[in-house]
Amino acid sequence: MMHDAKVFAEKGLPAFKGVAVAFMPYCDDARDIQDWAYEQARITVMVLAHCTQTLTWLSEKRAEFDFIIVDIEHVGGVHAAIELCLGIRQTRPDCKIFLLSDETERDDSGSERRAICDATLKKPLTHKRFTDTLMS
């Protein structure tokens with residue numbers, strides 16, 4: 001499998017810059033996401049703990065991120081995740097946002113949620129579901 005940015009562009013796949021952030025606990029799921037993102041698109045995923053300065057950090061960080069993953073349970077539930085995602089949309093409007101949750105019934109990438117995120121994925125993740133979402 002080729003991972004060159006030019007090859008992705010030729011195939012109509014999203015252009016990646018190589019860095020993403022996941023606000024989630026460092027666990028098997030986080031390590032899987034790191035492995036899958038790197039394997040699929042040579043994206044390095046930084047796993048960080050969510051804190052009150054998360055949005056400030058994102059707005060001050062000069063690096064561009066391909067996507068941001070928010071674990072709903074890690075950030076304090078649905079309402080906290082929505083507030084965080086709305087803030088991310090303001091500070092990083094071009095960045096894809098993926099929510100992870102134990103409590104959602106199924107994966108959802110419907111357009112009605114675009115103000116908040118690009119997709120919600122049910123945990124536990126599988127390689128196929130994650131990479132399909134990443135490449136959509």
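If you sort Lys128, Lys123, Lys96, Lys61 by accessible surface, 1.4 Å probe, largest first, the order is Lys128, Lys61, Lys96, Lys123. Placing +1 on the Cβ of every Lys and Arg and -1 on the Cβ of every Asp and Glu, with nothing else charged, gives the chain a dipole about its Cα centre of roughly 420 debye.
Rolling a 1.4 Å probe over the heavy atoms of the protein chains gives the chain an accessible area of 56 Å² per residue.
Ligands, DNA and RNA left out, the 1.4 Å accessible surface of the chain is 52% carbon and sulfur atoms. What the pair-distance distribution of region 72-134 shows, using all Cα-Cα distances binned every 10 Å from zero, is 22, 56, 22 percent.
Taking the mean number of other Cβ atoms within 10 Å as a proxy for protection, how do you rank 62-75, 42-55, 22-35, 105-118 from highest to lowest? The partial results should precede the final answer.
Working: 62-75: 19.3, 42-55: 14.8, 22-35: 16.7, 105-118: 12.9.
The densest-packed peptide leads the list: 62-75, 22-35, 42-55, 105-118.
Amide H contacts of Val19: Thr44, Asp66, each under 5 Å away and 5 or more positions distant or on a separate chain (H built 1.01 Å from N in the peptide plane; Pro and chain starts excluded). Over the C-alpha trace of the chain, radius of gyration and Dmax come out as 14.0, 40 angstrom.
The values are calculated or read from the model by the stated rules, or taken from the named source; none is laboratory data. None of these values were measured; they are calculated from a predicted model. Reconstructed Cβ throughout: ideal geometry from the backbone, glycine too, with neighbour counts over all protein chains shown. Ligands, DNA and RNA are excluded from the accessible area calculation, which covers all protein heavy atoms including side chains. Shrake-Rupley method; radii C 1.70, N 1.55, O 1.52, S 1.80 Å.
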